[in-house]
Structure formats: C-alpha cells, structure tokens
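Report on the structure given below.
Rule-based calculations on the coordinates, nothing more; no lab input. For clarity, every value in this text was computed on a predicted model and none was experimentally measured. A quick note on method: Cβ atoms are made from the backbone with ideal geometry, for glycine too, and the neighbour counts reach across all protein chains shown.
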Amino acid sequence: MVKVLFVCLGNICRSPMAEGVFRHRVQEQGLEEFVFIDSAGTHAYHIDEPPDPRAQETARRYGADISGLRGRQVRTRDIEEFHYVLAMDRENLANLRKLCSPGLIDKPRLFLEFARERRVDEVPDPYFGGQSGFDQVLDLIDDAAQGLLADIEQRHLRERTGRR
Ligand code: 4NP
C-alpha cells in the first residue's frame, strides 16, 4: 500500500479537496486497493470539523464527496508512516519540517511539484476569499493529482498491478 498524506493549515479547505480529488483519480484508474489517502492540518483550529461548505461544494461539482471527512492535526508519526507527505504551500512545508524526526527532513514536499502545467508552486489559501479561489484551488489540485498518480504508478505500482 502506497500511503499519501495531503497537508494544509486548517485541514478544512485545500487538503480535504486534494484528498477527494486524488481519491477520485485513483478510483478512476481502479487503483484504490493499492493507495491509502489521508489529509491533515498543521494547526489545530478545526479538529473534528467537516470541510468548509465551499470546499465541499467545489469538490461535489467536480464529482468528489468530501462531506464525511473530518479535520485532524498532523503529527510526527505521519511523516514516518506516509510515503508521500505533500504540503500545499511553503509555510505548511516549513511547519512539517519542524515536526520531522532526524533523517526525514526531505520527505515533506510541495504538492505542486507534481503539477504538469507548473503555473505556480503553491496552492493559495482560499479561506478568506470567494468562490473563484476555491475553483482555482481545484484546478491546481487536479493537475497535480494526475502527475502524482503517474509518479506513484511508475515508482511503486508497475510490478504489483502488472500494468506498463
Ligand atoms: P486550509 O484553509 O488550510 O486550506 O484548510 C484554512 C482554513 C482555516 C483557516 C485558514 C486557512 N483559519 O484561519 O481558520
């Protein structure tokens, strides 16, 4: 099982959207038995809360139901256990690195490293803006989700699935 963790600040906007969109892409390829997906926030403001209604609605229109997700805070053990620890922006990345046990400092990466279009390298925080910010987040995330899945298939799943 390849384990993927998406991380933002509050775990109610960007990272749950990334979780839902990436799960949708994984299911589309019939790979859900090979990939475990989760999300978390670097801060504790929204623990046990569902995703922001704007994030839920944006994901729903895309085709992903994220209403059942609940906020949680990232912990050191996550960085040890997950194969991919993907931060939405540099502030999240810096906070993740502070949690790293020695030797794992390079494990957290920016999620948009996997984007194909690479217009920007951070997913902007949409919390204090309007709907267009959520739409932009969804576009960036879906682009990177496809690049991430291609990376996982190439590095981890070729032998297991028997696909080329
Ligand atoms: P997220 O967005 O990090 O994408 O979940 C935010 C959610 C909550 C807050 C900031 C950003 N907040 O300040 O409460």
- Please name whichever of Ile79, Phe6, Gln56 sits farthest to the positive end of the charge dipole of the chain, dipole taken about the Cα centre and charges placed at Cβ: Lys and Arg +1, Asp and Glu -1. Ile79
- Treat every Asp and Glu Cβ in the chain as -1 and every Lys and Arg Cβ as +1, leave all other atoms uncharged, and give the resulting dipole magnitude about the Cα centre to the nearest 20 debye. 380 debye
- Query: Mind checking which of Gly20, Gly30, Gly71 has the largest fluctuation in a GNM of the chain, springs on alpha carbons under 10 Å?
  - Reply: Gly30
- Note on the structure: Kirkwood radius from Cα pairs of the stretch 1-109 plugged into Stokes-Einstein at 25 °C, 0.890 mPa s, gives D in µm²/s equal to 177 µm²/s
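Pull out the extension gain between Lys98 and Asp139, defined as 0.36 nm times the separation in residues minus the alpha carbon to alpha carbon distance; nm, one decimal. Don't skip to the answer; put the middle values down first.
On the way: separation 41, 0.36 × 41 = 14.76 nm, distance 2.92 nm.
That pair, Lys98 and Asp139, stretches by 11.8 nm at full extension.
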